[in-house]
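Engineer: One structure coming up, written as structure tokens, with questions to follow.
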Amino acid sequence: MRARVALLAGATLWCLSILAAPAFDLSPVYRFFAAICHQNPARSWYVFGEPLPVCIRCASIYFAFTASLWAGIRPNVRWLRISLLLMLFEFAVARFVIDAELLRSLSAVLVGLAAAPFVKQGVEEIGDRL
Amino acid sequence: MIVCKQCGTELPDDARFCLQCGASTVPPPEEPPSPVQAGPKPELDFVQPALTGGMFLGFLSSIPFISAGNCICCGWVLLGGGIAVMMLAKQRPSGISYGDGAFAGVLSGLFGAIVGTIVQMSFRAMAARLFESQQQQLEQVLNQLGAEGALRDWILRAASGEISAATLAFTFFTNLLVYSLFAMIGGILTVAILEKRKARTA
């Protein structure tokens, strides 16, 4: 239970920091996320005229992941596999044909939604051991 | 002639039941050994898989240019956690739990943070020697190329060679947080994708 709450709080804080970085010009947050995202402004969403510290794909994954945790979506291996394949396909092939923000975001949202229930289960199990 | 094991009556060879007491003459089939009788499940050794996964993600996340693989949803780190889980699953073919996958991922992230920090600092020290006298020229070149934003900052930082205790601590703890978190996710998702999970025990 505590592990679940910690995961939910951590994921929410993660997303809030992404939104707060451009709003309050938090350079340490940009520096932190630079380790895990290319931060290309051309491939990022803008808030208050500033790009988010992560690209559209990453932001979509994180926001969908957190939404999935709040919504309590049940784990489904088939959906996880399909969503990962779709994102890989979009990354490897579709971008050369149609490099659309919507396509990038949608494929990432599916991964975030499908992955969160498994991560929740893993974190709960590891929490039970501690 | 066969003899009834129950009452000792002599019976024809083809008799399936004793004509005297009705007991079966056919021996009961041997039951297959239950999983419990087959012996305890093998204990999992997390260290070896986590070390391998950690080395993988630590090196690839720290070598210049190759580390760009992490820009794709922390690809190297997720893969490192996945490698640790694949090695762990081989130890127990009956399957491992999501908790096992998560633990293997966190451990590989920890090892990866140590390896990664050492490699990153080494590259930084080497870059400092190479570009010591050319910092200003490098800035001019970047200006001419129109490099801006995170890429420019990253190149200048990498070439500056500044290694202080604060830099070391910031690099290590950032690596620790990011690698542990994402390797854990990679481990859990690998368990799910490979369906190596055993039934969760209450």
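Engineer: Could you list B:Leu142, A:Leu7, A:Leu88 so that the one with the fewest beta carbons within 10 Å of its beta carbon is first and the one with the most is last? Working shown, then result.
Structural biologist: On the way: B:Leu142 17, A:Leu7 20, A:Leu88 13.
Fewest-to-most ranking of B:Leu142, A:Leu7, A:Leu88: A:Leu88, B:Leu142, A:Leu7.
Engineer: In what order do A:Leu102, A:Leu80, B:Leu168 fall by count of nearby beta-carbon atoms within 10 Å, going from fewest to most?
Structural biologist: Numbers: A:Leu102 9, A:Leu80 20, B:Leu168 14.
The most exposed by this proxy come first: A:Leu102, B:Leu168, A:Leu80.
Engineer: Here's something else I'd like to know. For A:Val47, what residues show an amide H to amide H distance below 5 Å, using hydrogens built from the backbone and excluding near sequence neighbours?
Structural biologist: Those qualifying (amide H under 5 Å, at least 5 residues apart or on another chain) are A:Leu52.
Engineer: Can you tell me the order of A:70-79, A:34-43, B:117-126 when each peptide is scored by its average per-residue count of other Cβ atoms within 10 angstrom, highest first? Before the final figure, lay out the partial values.
Structural biologist: Details: A:70-79: 12.4, A:34-43: 18.0, B:117-126: 16.4.
With the highest mean Cβ count within 10 Å placed first, the list reads A:34-43, B:117-126, A:70-79.
Engineer: Taking segment A:2-129 as the region of interest, what is the percent of Cα-Cα pairs per 5 angstrom bin, listed from the shortest bin to the one with the maximum distance?
Structural biologist: Here the calculated profile for segment A:2-129 is 2, 11, 18, 21, 18, 16, 10, 3, 1, 0.
Engineer: For the protein assembly as shown, what are Rg and Dmax over the alpha carbons, in angstrom?
Structural biologist: Gyration radius and largest Cα-Cα distance of the protein assembly as shown: 28.0, 109 Å.
Engineer: On average, how many beta carbons from a partner chain sit within 10 Å of the beta carbon of a residue in B:92-102? Let's see the in-between values first.
Structural biologist: Working: counts 0, 0, 0, 0, 0, 6, 10, 10, 4, 5, 11.
Taking the mean over all residues of the peptide, I get 4.
Engineer: So what is the calculated 222 nm ellipticity per residue for the protein assembly as shown, using -39500 (n - 2.57) for each DSSP H run with n of 4 or more, over all residues, to the nearest 500 deg cm²/dmol? Before the final figure, lay out the partial values.
Structural biologist: Numbers: 11 runs with 207 residues, N = 332.
Calculated mean residue ellipticity at 222 nm is -21500 deg cm²/dmol.
Engineer: A further question follows. In what order do A:Tyr62, B:Tyr179, A:Tyr46 fall by count of nearby beta-carbon atoms within 10 Å, going from fewest to most? Present the calculation step by step, with values, prior to reporting the outcome.
Structural biologist: Details: A:Tyr62 19, B:Tyr179 35, A:Tyr46 10.
The fewest-first ordering by Cβ neighbours comes to A:Tyr46, A:Tyr62, B:Tyr179.
Engineer: May I ask you to list the residues of segment A:83-124 whose amide nitrogen lies under 14 Å from a point 7 Å from Cα along the Cα→beta-carbon direction of A:Arg74?
Structural biologist: It comes to A:117-118, nothing else.
Engineer: B:Ser164 versus A:Ala23, label points 7 Å from Cα toward the beta carbon: distance in nm?
Structural biologist: Result for the modelled spin labels: 3.1 nm.
Engineer: Any idea what the relative contact order of segment A:38-96 is, in percent, if you count C-alpha pairs under 8 Å spaced at least 6 apart?
Structural biologist: Working: 21 pairs, mean separation 11.6, N = 59.
For segment A:38-96, the relative contact order is 20 percent.
Engineer: How high is the relative contact order of chain A, in percent, with contacts defined as C-alpha pairs under 8 Å that are six or more residues apart?
Structural biologist: On the way: 147 pairs, mean separation 39.2, N = 130.
Reported relative contact order: 30 percent.
Engineer: A further question on this structure: Per residue of B:114-122, count partner chain C-beta atoms within 10 Å of its C-beta, then hand back the mean as an integer.
Structural biologist: Whole-number average of other-chain Cβ neighbours for B:114-122 is 0.
Engineer: Along segment A:55-62, what does the Karplus equation 6.51 cos²θ - 1.76 cosθ + 1.60 (θ = phi - 60°) give for ³J(HN,Hα), rounded to whole Hz, x for Gly and Pro?
Structural biologist: Taking θ as phi minus 60°, the curve returns 6, 4, 5, 4, 4, 5, 4, 5 Hz for segment A:55-62.
Engineer: Could I ask something else about it? Residues with amide H under 5 Å of B:Ile2's amide H, sequence separation 5 or more or different chain, H placed in the peptide plane at 1.01 Å from N; which?
Structural biologist: Here B:Leu11, B:Asp13 satisfy the definition.
Engineer: Still on this model: Please compute the average number of Cβ atoms from other chains found within 10 Å of each residue's Cβ in peptide B:174-184. Present the calculation step by step, with values, prior to reporting the outcome.
Structural biologist: Values: counts 5, 1, 0, 2, 4, 2, 0, 4, 1, 0, 4.
Taking all residues of B:174-184 together, the mean is 2.
Engineer: Under 5 Å between amide H atoms, partner at least 5 residues away or on a different chain: which partners does B:Phe17 have, H built in plane at 1.01 Å?
Structural biologist: Placed amide hydrogens put B:Thr25 under 5 Å from B:Phe17.
Each reported figure results from applying straightforward, stated rules to the coordinates on display, with no laboratory input. Predicted model, so just to flag it, every value in this text is computed and none were measured. Counting neighbours? That spans all protein chains shown, and the Cβs are built from the backbone with ideal geometry, glycine included.
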